[in-house]
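The values are calculated or read from the model by the stated rules, or taken from the named source; none is laboratory data. What you see is a predicted model; the values in this text were computed from it and never measured. Note that we place each Cβ from the backbone using ideal geometry, even for glycine, and neighbour counts take in every protein chain shown. For accessibility, only protein heavy atoms count, side chains too; no ligands or nucleic acids. Shrake-Rupley method; radii C 1.70, N 1.55, O 1.52, S 1.80 Å.
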Amino acid sequence: MSEDSEIKERLRLQYLDAMGIPVWKLRSLPAQGAEPAADAALPETPETGPDCKQQSPLSATKVPTIGAGDGWDNLAVEVSVCARCELQCTRTQTVFGVGNRRATWMVIGEAPGEQEDLQGEPFVGRAGQLLNEMLRAIGLQRDEVYIANILKCRPPRNRDPKPEEVAACEGYLKRQIALLQPRIILAAGRIAAQNLLKTTEAIGKLRSRVFQYEGIPLVITYHPAYLLRSPLEKRKAWQDLLLAVETLNKSRVPPSS
Ligand code: URA
C-alpha cells in the first residue's frame, strides 16, 4: 500500500471507530455468485479531498470520544476528521465552534486564524477579544452565544477561503445552525456575509439591513479584525449590533394579558 493510501485508510478506520461502527475484514475472497462481503454494507466514508504529502500533526490523531447519540457530538467528530478539502493538509486541528448549544445568538465569522488553529477555538486572538467586548456591549457574555466560522480549518497565511473550501464546509455550518436553531445570526465580516447570502455585494451595502437565513434573521456587521484596523468604523458596528438586538426583541412573542 502506498503512503497516501495508508493515510487514507488510517483516517477511514479512525472515522468508523469514532462513529462506533465496527469494521469487518474479509478473511478470503468470496466464491463467484456468493453474498457480498460484510463490509460492502458499511456506510460510505466521508468524501476525501486531495491527498496530503504530509499529514498535520493533530488532525490524524485527535478524535474525540463520541457522545450518547447527541447530534452535536456526532457532528463534532465528523468535523474533527474532515478530509473534504486541501486545508486538511495544513491545519493543526479543526475549529468546530464554541459556546452555548442552546444560545439565542449565533455569531458566524470567516475562518480560524493562527491562534484559533493552535487552540482549537474560534475567535481567541485579538479579534476575538474585540468580539467579546462587542458582545458585552449588548449585554452578552461570550459563553451565552454560539460562535462558529464559515470554514472549520485555517487557510494558509489567513488567505481568503476558496469557493471549493466554502462548499466543502457549508454542510457542517448548516447542521450547526439546524441543531442550534438560533433566534438571530450575526455575520461578522465580508466573507461570512457574502457566503451566507451567496452574493458578491460589498459589506457596506449589506450591513444595516435584516436578511433571512433559512428562516432566521441575519444581521451583518464588520469583522472585528477590520475594526481593529479601522477603529472609526466601530460606530457603524455598534449600530449593527443595536439593529440585531432590536430585530430579536421585535420577534419575541409578547406575553398574553
Ligand atoms: N477570524 C474569524 O473570522 N474567525 C476566527 O475564529 C478568528 C478570526
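How much length would be gained if the chain were fully extended between Glu164 and Lys198, taking 0.36 nm per residue of separation minus their Cα-Cα distance, in nm to one decimal?
10.9 nm
Once fully extended, how much extra length lies between Ala137 and Trp72, figured as 0.36 nm per residue of separation less the alpha-carbon to alpha-carbon distance?
20.5 nm
Report D for segment 132-257 in µm² per second (integer): Stokes-Einstein, Kirkwood Rh on Cα pairs, 37 °C, 0.692 mPa s.
Using the Kirkwood radius from Cα pairs, D works out to 210 µm²/s.
Could you pull out the pairs from Lys162/Lys205; Lys174/Lys236; Lys162/Lys234; Lys152/Lys236; Lys162/Lys236; Lys205/Lys234 whose alpha carbons sit more than 26 Å apart here?
Table pairs above 26 Å Cα-Cα are Lys174/Lys236; Lys162/Lys234; Lys152/Lys236; Lys162/Lys236.
Round to the nearest 0.05 the FRET efficiency obtained for Ala178 and Gln119 when R0 = 25 Å and r is the Cβ-Cβ distance.
Rounded to the nearest 0.05, the efficiency is 0.45.
Using only the heavy atoms of the protein chains and a 1.4 Å probe, how would Glu144, Glu164 rank by accessible area, largest first?
Glu164, Glu144
Just grab the label-to-label distance for Lys236 and Val210, each label 7 Å out from Cα along the Cβ direction, in nm (one decimal).
Taking the simple label geometry, Lys236 and Val210 are separated by 2.1 nm.
How would you rank 216-223, 121-128, highest first, on the average number of other Cβ atoms within 10 Å across their residues?
216-223, 121-128
Got a number for carbon plus sulfur as a percent of segment 128-228's accessible area, 1.4 Å probe?
Looking at segment 128-228 in its full context, I get 48 percent from C and S.
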